[in-house]
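Engineer: Just passing along the structure, written as structure tokens.
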Amino acid sequence: MFDIHRVEVDWGGRPLTLETGKIARQADGAVLATYGETKVLATVVAAKEPKPGQDFFPLTVNYQEKAFAAGKIPGGFFKREGRPSEHETLTSRLIDRPIRPLFVDGFKCDTQVIITVLSHDLENAPDILAMVAASAALTISGIPFMGPIGGARVGYINGEYVLNPLLDDMPESALDLIVAGTGEAVLMVESEAKELPEDIMLGAVMFGFKGFQPVIDAIVKLAETAAREPRELNLPDHSALAARVKELAADELTAAYAIREKTERRNAIDAVKAKVAETLTAEAGEAGLDKVVFGDLFKKAEASIVRGAILDKGERIDGRDLQTVRPIVSEAGILPRAHGSALFTRGETQALVVATLGTNDDEQFVDALEGTYKSTFMLHYNFPPYSVGETGRMGSPGRREIGHGKLAWRAVHPLLPVHHEFPYTLRVVSEVTESNGSSSMATVCGTSLALMDAGVPLKAPVAGIAMGLIKEGDKFAVLSDILGDEDHLGDMDFKVAGTGEGVTSLQMDIKIDGITEEIMKVALAQARDGRIHILGEMSSALSEARAELGEYAPRIEVLKIPVDKIREVIGSGGKVIREIVEKTGAKVNIEDDGTVKVASSDGKAIQAAINWINSIAAEPEVGVIYEGRVVKTVDFGAFVNFFGAKDGLVHISQLAPQKVAKTTDVVKEGDKVWVKLMGFDERGKVRLSMKVVDQETGKEIQADA
């Protein structure tokens with residue numbers, strides 16, 4: 001019944017198995033990949049014909065994690081998987097980026113890749129396995145895919161690279177890097193690092209590249225026995241029309257691209273496009289001009305002019321040389337009520353970034369296959385249509401916004417103070433108000449400034465820069481701080497973020513069939529120079545965190561109480577802690593180890609809550625002086641409430657240096673006093689001495705006994 005084909009290879013010390021022919025047999029390609037006890041199913045289906053008028057390649061990648069894979073039932077009212085989580089969206093993008101450039105140019109059939117996590121052993125991350133399975137499914141599908149690709153995760157633990165480290169090993173790693181590529185070159189890199197130098201990062205990329213070569217060999221071996229017949233792809237020849245478009249447009253396009261200002265330049269280009277279209281329409285006569293074909297050929301004419309000027313003359317669209325960064329203006333503290341804010345402008349790209357400090361109540365709960373955990377740092381990136389002078393849909397964030405936000409998150413995350421030393425929940429929002437190239441890196445710079453403006457003690461300021469590539473044959477040029485047009489018409493988007501000491505995040509996407517180690521080395525060195533320059537420009541606004549938190553930010557004080565006192569502080573059904581919160585106005589959070597966090601923007605409220613908690617959980621110390629109030633007088637002394645709910649006796653002999661006939665000669669009920677804990681009597685009762693304070697002046701009127 002089943003025609004099963006299976007390949008197994010040892011990969012990173014664990015068996016990797018690729019199997020096809022048993023599950024999802026009606027898909028164009030389906031592969032079940034197993035690594036350890038993690039299992040992932042990847043399926044591929046492509047429409048037989050493109051939609052009429054289709055002017056782009058409609059590829060969709062959907063990565064989905066099923067709760068049953070880890071023996072869990074989904075949370076929520078409906079108890080079923082809902083909209084994709086942030087992690088699922090990011091993994092979908094992670095797989096899309098390296099496979100997209102490998103489809104044959106001109107193939108425009110609707111193509112869908114669906115990857116489903118069926119089993120998760122909580123040791124082997126399913127994202128890399130999903131990438132491998134998708135590559136294998138595409139390779140055997142018969143769809144015009146010029147793969148296969150491989151992928152790997154690289155850790156850096158105790159000074160050594162580790163291929164596909166286990167999940168439990170990742171907290172010890174100074175690097176989390178994912179690299180994908182073909183047998184010849186690297187196509188994609190995504191990473192987070194703890195200020196590692198460029199040579200370590202480059203070494204990790206090449207280590208991963210070599211590490212996934214056995215996977216590519218295994219996919220090829222599977223395809224030799226299981227691949228479907230390749231689809232026939234009859235692409236029309238438009239070379240004559242392409243030559244005519246270039247002939248008509250070349251001179252005026254060259255003049256248009258000499259205009260430095262973005263909007264004016266785009267208007268000029270649109271005018272050239274309309275003029276050329278009008279001419280070609282007249283020449284076509286009754287046959288008419290195919291607008292989709294013309295649009296594609298006109299874009300290629302644009303690319304030829306821009307790329308030629310860069311490679312032959314070193315001239316860029318805005319007149320810069322290859323390494324110069326656009327003018328930068330950095331401003332901090334521009335929003336009076338925000339906890340921290342910054343406006344970062346680089347050329348025609350601008351990000352308004354706002355930081356907000358919160359408490360434990362603001363932590364984000366994340367329900368993942370590995371278990372539920374809390375996140376104390378969130379970074380949200382928004383790209384409204386007005387930022388590029390357009391109208392558009394407003395709604396929930398798309399994949400691009402989620403991806404750009406996560407890239408900036410990775411760049412800043414390694415530099416945050418440890419949570420137990422700075423116990424705040426942090427949310428950063430980046431509103432991109434203008435865009436002409438690398439708004440994600442502007443977000444990194446703005447986030448660094450906004451957090452420092454809020455008083456968050458970052459280990460160091462962090463900046464980011466986007467690098468581009470123009471490559472024709474063996475000739476190439478690496479561009480610093482690319483414009484939007486240079487991104488669209490170029491071959492690489494290479495983003496590097498970090499401090500003056502090293503790299504914290506690196507992301508690379510290639511639109512051609514890969515780049516070499518030599519190009520990456522040049523790009524990393526050039527990016528470091530640009531990053532150091534940007535950090536210097538940012539320092540004009542802030543070079544380190546402000547000494548004090550923002551005026552409107554909450555203050556958090558941390559204290560420790562004995563674990564056996566937690567129940568008393570919380571009270572039956574939470575009665576006591578609710579009363580503390582209601583009467584003091586401070587937020588109180590108690591953890592299982594006895595750590596108590598008290599938060600409020602009012603320092604008096606914090607102190608009142610701390611005093612109340614201490615009165616329940618703490619014990620007074622011998623020899624320490626405490627403020628108290630007389631609650632009862634008797635012939636032999638006075639009872640004083642001096643430590644929250646604690647009472648103690650001041651014997652009449654301790655009321656004054658000289659002999660006292662009556663207690664009430666010295667103090668009365670309700671008097672404010674200062675008492676020193678002398679110790680305990682034979683029955684364990686508190687024994688005090690007293691300082692009496694004048695009720696009107698507050699001055700001491702009785703010496704300490």
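The values are calculated or read from the model by the stated rules, or taken from the named source; none is laboratory data. The model shown is predicted, which means the values in this text are computed figures rather than measured ones. Methodologically, a virtual Cβ is constructed for each residue, glycine included, from the backbone with ideal geometry; neighbour enumeration extends over all protein chains shown. Quick note on the areas: whole protein, heavy atoms, side chains included, nothing else; ligands and nucleic acids left out. Shrake-Rupley method; radii C 1.70, N 1.55, O 1.52, S 1.80 Å.
Engineer: Less than 21 Å apart at the alpha-carbon level, and either on another chain or at least 8 residues along: which lysines does that give for Lys72?
Structural biologist: Lys39, Lys374
Engineer: Please give the charge dipole size of the chain, origin at the Cα centre, charges +1 on K and R Cβ atoms and -1 on D and E Cβ atoms. Round to the nearest 20 debye. Mind dumping the intermediate values first?
Structural biologist: On the way: 79 positive and 104 negative charges, 367 e Å.
In debye, rounded to 20, the chain gives about 1760.
Engineer: Can you tell me the FRET efficiency between Arg228 and Tyr552 if r is taken as the Cβ-Cβ distance and R0 is 60 Å, rounded to the nearest 0.05? Numbers along the way, then the final one.
Structural biologist: Working: r = 63 Å, r/R0 = 1.05.
So, using R0 = 60 Å, E works out to roughly 0.45.
Engineer: Let me ask another. Could you state the angle between the C-alpha long axis of helix 213-226 and the longest principal axis of the C-alpha atoms of the chain, as a value from 0 to 90 degrees rounded to the nearest 10?
Structural biologist: 50 degrees
Engineer: Now, a different point. Using per-residue counts of other Cβ atoms within 10 Å, averaged over each peptide, order 491-499, 71-79, 408-416 from highest down.
Structural biologist: Ranked from most to least packed, the peptides come out as 491-499, 408-416, 71-79.
Engineer: Please list Trp612, Trp11 in order of solvent-accessible area, largest first, computed with a 1.4 Å probe with all protein chains present.
Structural biologist: On the way: Trp612 70, Trp11 5 Å².
Heavy-atom accessible area, descending, gives Trp612, Trp11.
Engineer: Checking the cross-link filter: which lysines have an alpha carbon closer than 29 Å to that of Lys662, excluding same-chain neighbours under 8 positions apart?
Structural biologist: Output for Lys662: Lys632, Lys646, Lys672, Lys676, Lys685, Lys691, Lys699.
Engineer: Between Ser539 and Ala661, with labels modelled 7 Å along Cα→Cβ, what's the label distance in nm to one decimal, could you check?
Structural biologist: Each label point is offset 7 Å from its Cα along the Cβ direction, giving 7.8 nm.
Engineer: Then there's this: How big is the dipole moment of region 1-48 about its Cα centre under a simple scheme where the beta carbon of each Lys and Arg is +1, that of each Asp and Glu is -1, and everything else is neutral? Debye, nearest 20, please. Provide the component values of the computation, followed by the final result.
Structural biologist: Details: 6 positive and 6 negative charges, 34 e Å.
The dipole of region 1-48 has a size of about 160 debye.
Engineer: How many percent of the accessible area of the chain is carbon or sulfur, using a 1.4 Å probe? If you can, show how the numbers build up before the last one.
Structural biologist: Numbers: 16870 of 33200 Å².
Looking at the chain in its full context, I get 51 percent from C and S.
Engineer: Given +1 on the Cβ of Lys and Arg, -1 on the Cβ of Asp and Glu, and no further charges, what dipole in debye does region 1-115 carry about its Cα centre, rounded to the nearest 20? Intermediate values should be presented prior to the final figure.
Structural biologist: Values: 16 positive and 15 negative charges, 73 e Å.
So the magnitude is around 360 debye.
Engineer: Now, a different point. Using the reciprocal of the averaged 1/r over all distinct C-alpha pairs, how large is the Kirkwood radius of region 422-542 in Å? Please list the in-between numbers first.
Structural biologist: Numbers: mean 1/r = 0.0654 Å⁻¹.
Averaging 1/r across every pair of different Cα atoms and inverting gives 15.3 Å.
Engineer: Residues of region 486-513 with the amide nitrogen closer than 13 Å to a label point 7 Å from the Cα of Asp199, along Cα-to-Cβ, please.
Structural biologist: Within reach of a label on Asp199: no residues.
Engineer: Cut-off under 18 Å on the C-alpha distance; same-chain residues fewer than 8 positions from Lys587 excluded. Which lysines are left, in chain and number order?
Structural biologist: By straight Cα distance, Lys587 reaches Lys560, Lys575, Lys597, Lys604.
Engineer: Still on this structure: Based solely on C-alpha atoms, express the radius of gyration and the Dmax of region 510-569 in angstrom.
Structural biologist: For region 510-569, the Cα-based Rg and Dmax read 24.3, 66 Å.
Engineer: Here's another thing I want to ask about it. How do Val563, Val624, Val650 rank by accessible surface area computed with a 1.4 Å probe, from largest to smallest? Intermediate values should be presented prior to the final figure.
Structural biologist: Details: Val563 90, Val624 50, Val650 0 Å².
Result, largest first: Val563, Val624, Val650.
Engineer: Over the chain, with the other protein chains present, what is the accessible area per residue in square angstrom, probe 1.4 angstrom? Could the numbers behind the result be given before it?
Structural biologist: On the way: 33200 Å² over 705 residues.
For the chain, the per-residue accessible area is 47 Å².
Engineer: Quick one: Karplus J couplings for region 247-257, per residue in order, coefficients 6.51, -1.76, 1.60, θ = phi - 60°, nearest Hz, x for Gly and Pro?
Structural biologist: Going residue by residue, I get 4, 6, 9, 3, 5, 6, 5, 4, 5, 5, 6 Hz, with x marking Gly and Pro.
Engineer: Below 10 angstrom from the Cβ of Asp485, what's the summed charge of the other residues (Lys, Arg +1; Asp, Glu -1)? Write down the numbers at each step before the final one.
Structural biologist: On the way: positive: Lys262, Arg265, Arg266, Arg316; negative: Glu302, Asp318, Glu486, Asp487.
Taking every Cβ under 10 Å from that of Asp485, the sum is 0.
Engineer: Can you tell me how much longer the chain between Asp105 and Glu37 gets when fully stretched, taken as 0.36 nm per residue apart minus their C-alpha distance, in nm with one decimal?
Structural biologist: Details: separation 68, 0.36 × 68 = 24.48 nm, distance 3.77 nm.
Here the answer is 20.7 nm.
Engineer: What's the local net charge at Gly530, with K and R +1, D and E -1, over the other residues with C-beta under 13 Å away? Walk me through the numbers on the way to the answer.
Structural biologist: Numbers: positive: Arg320, Arg326, Arg346, Lys495, Arg528, Arg531; negative: Glu198, Asp321, Asp481, Asp529, Glu537.
Net charge in that neighbourhood comes out at +1.
Engineer: Can I ask one more? Let me know the number of lysine pairs in region 218-337 closer than 16 Å at the Cα, not counting same-chain pairs under 8 apart.
Structural biologist: Qualifying lysine pairs in region 218-337: 12.
Engineer: Among Pro84, Pro98, Pro74, flag the residue with its Cα farthest along the positive direction of the charge dipole of region 52-106, charges on Cβ as +1 for Lys/Arg and -1 for Asp/Glu.
Structural biologist: Positive-end residue among those listed: Pro74.
Engineer: How much length would be gained if the chain were fully extended between Val9 and Met170, taking 0.36 nm per residue of separation minus their Cα-Cα distance, in nm to one decimal?
Structural biologist: On the way: separation 161, 0.36 × 161 = 57.96 nm, distance 2.36 nm.
Result: 55.6 nm gained on full extension.
Engineer: If you take every residue apart from Ile328 with its C-beta less than 9 Å away from the C-beta of Ile328, what net charge results, scoring Lys and Arg +1 and Asp and Glu -1?
Structural biologist: Values: positive: Arg326, Arg346; negative: Glu537.
That works out to +1.
Engineer: Per-residue counts of other Cβ atoms within 10 Å, averaged by peptide: what ranking do you get for 584-595, 476-487, 193-204, highest first? Write out the running numbers ahead of the final one.
Structural biologist: Details: 584-595: 17.0, 476-487: 22.4, 193-204: 18.7.
Highest mean packing first, the order is 476-487, 193-204, 584-595.
Engineer: Sticking with this one: Ranked highest first by the average count of other Cβ atoms within 10 Å around their residues, in what order do 453-463, 238-248 fall?
Structural biologist: Details: 453-463: 22.2, 238-248: 15.5.
Taking the mean over residues of other Cβ atoms within 10 Å, the ranking is 453-463, 238-248.
Engineer: Show me, for region 595-609, the HN-Hα J-couplings you get by feeding each phi into the Karplus relation (A = 6.51, B = -1.76, C = 1.60, θ = phi - 60°), rounded to Hz, glycine and proline as x.
Structural biologist: 6, 10, 10, 10, 10, 5, 7, 9, x, 5, 5, 4, 5, 4, 5
Engineer: Can you give the FRET efficiency to the nearest 0.05 for Glu278 and Ala255, using r as the Cβ-Cβ distance and R₀ = 30 Å?
Structural biologist: Numbers: r = 18 Å, r/R0 = 0.61.
Efficiency, from the Cβ-Cβ distance: 0.95.
Engineer: Continuing with the same structure: So how tilted is helix 126-140 from the main axis of the chain? Cα-based, degrees 0 to 90, rounded to 10.
Structural biologist: 10 degrees
Engineer: Hey, another quick one. Per DSSP H run of n ≥ 4, the term is -39500 (n - 2.57); total these for the chain, divide by its residue number, and report the mean residue ellipticity at 222 nm rounded to 500 deg cm²/dmol.
Structural biologist: On the way: 14 runs with 208 residues, N = 705.
Mean residue ellipticity, 222 nm, calculated: -9500 deg cm²/dmol.
Engineer: Now, a different point. Modelling each spin label as a point 7 Å along the Cα-to-Cβ direction, I'd like the Glu518/Asn267 distance in nm, to one decimal.
Structural biologist: 4.5 nm
Engineer: Here's another thing I want to ask about it. Using 0.36 nm per residue, how much length does the chain from Asn158 to Asp312 gain when fully extended, once their Cα-Cα distance is taken away?
Structural biologist: On the way: separation 154, 0.36 × 154 = 55.44 nm, distance 4.56 nm.
The span from Asn158 to Asp312 would gain 50.9 nm if fully extended.
Engineer: When the gyration tensor of the chain is built from Cα positions, what are the square roots of 5 times its three eigenvalues, in whole Å, from largest to smallest? All intermediate terms of the calculation are to be shown ahead of the outcome.
Structural biologist: On the way: eigenvalues 825, 201, 89 Å².
Rounded to whole Å, the semi-axes are 64, 32, 21.
Engineer: Follow-up question, since we're still on this one. Putting +1 on Lys and Arg Cβ atoms and -1 on Asp and Glu Cβ atoms, find which of Ser387, Tyr373, Ala355 reaches farthest to the positive end of the dipole of region 346-395.
Structural biologist: The residue sitting most towards the positive pole is Ser387.
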